[in-house]
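The values are calculated or read from the model by the stated rules, or taken from the named source; none is laboratory data. Not measured: the values here are computed from a predicted model. Every residue, glycine among them, receives a Cβ derived from its backbone with ideal geometry; neighbour counts consider all protein chains shown.
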Amino acid sequence: MEASDGVAAGTADDASFRHVLEDLSEELTCSRNHLTKALEQAEEVLSRLAEVQNELDALRRKMRGTPADYAEARAADKTLCVEIDERSSNYTERTQNLADMVASFMKALTGQRESMNLKLEELAEHIDALSKSDDQ
């Protein structure tokens, strides 16, 4: 009868351990999805910043042209400066949102890790208790 009790306890331990592993797998998948989204947003911000840099470079080249080009270049410069200010404000906000999302993700990940560690400690204690009861 004791052998069947050990088998039942082992099966319960396996199920408990499987449940912990499934929880961890779900948490890791969720974390990976959040990081992927954050990376996509960061890539989009970098791409837009590269576009602005290209526009600035084109304006600089135009400013080096003949004096007849200066009036047109100055008008383009003013327009571009307004657009850059708007984009800069937008990118600053998006970058802050991205930083907040990453900070939130890291906080959640830390909480999940602590929760996982507690679950693993409980599982280890349970396994130790079962081992001690089997030894008796």
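A few points about this structure:
- Just one of (1) surrounded by 11 or more Cβ atoms within 10 Å (Cβ to Cβ); (2) without any contact (Cβ under 8 Å) to a residue 12 or more places away in the chain; (3) over 23 Å from the mean Cα position of the chain (by Cα) fails for residue 115. It is (3).
- You will find that of 95, 110, the residue that is at pLDDT 80 or above, of a type in the set (Ser, Thr, Tyr) and within 30 Å of residue 19 (Cα to Cα) is 110 and no other.
Here is a yes/no grid of residues against (1) β-branched (Val, Ile, Thr); (2) assigned to a helix (DSSP H, G or I); (3) farther than 29 Å from residue 112 by Cα; (4) modelled with pLDDT under 80:
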site: 32; (1), (2), (3), (4): no, yes, no, no
site: 37; (1), (2), (3), (4): no, yes, no, no
site: 40; (1), (2), (3), (4): no, yes, no, no
site: 43; (1), (2), (3), (4): no, yes, no, no
site: 50; (1), (2), (3), (4): no, yes, yes, no
site: 53; (1), (2), (3), (4): no, yes, yes, no
site: 61; (1), (2), (3), (4): no, yes, yes, yes
site: 68; (1), (2), (3), (4): no, yes, yes, yes
site: 75; (1), (2), (3), (4): no, yes, yes, no
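- Pair list, Cβ < 7 Å and 6+ apart or interchain, from segment 41-55 residues that are in contact (Cβ under 8 Å) with a residue 60 or more places away in the chain to residues that are part of a helix (DSSP H, G or I) and exposed (fewer than 10 other Cβ atoms within 10 Å of the Cβ): none
- Residues satisfying the stated conditions in segment 77-95, i.e. basic (Lys, Arg) and either under 15 Å from residue 55 (Cβ atoms) or surrounded by fewer than 10 Cβ atoms within 10 Å (Cβ to Cβ) (or both): 78, 87
- Given (1) surrounded by 10 or more Cβ atoms within 10 Å (Cβ to Cβ); (2) of a type outside the set (Gly, Ala, Ser); (3) modelled with pLDDT under 70, index of the condition residue 26 fails: (3)
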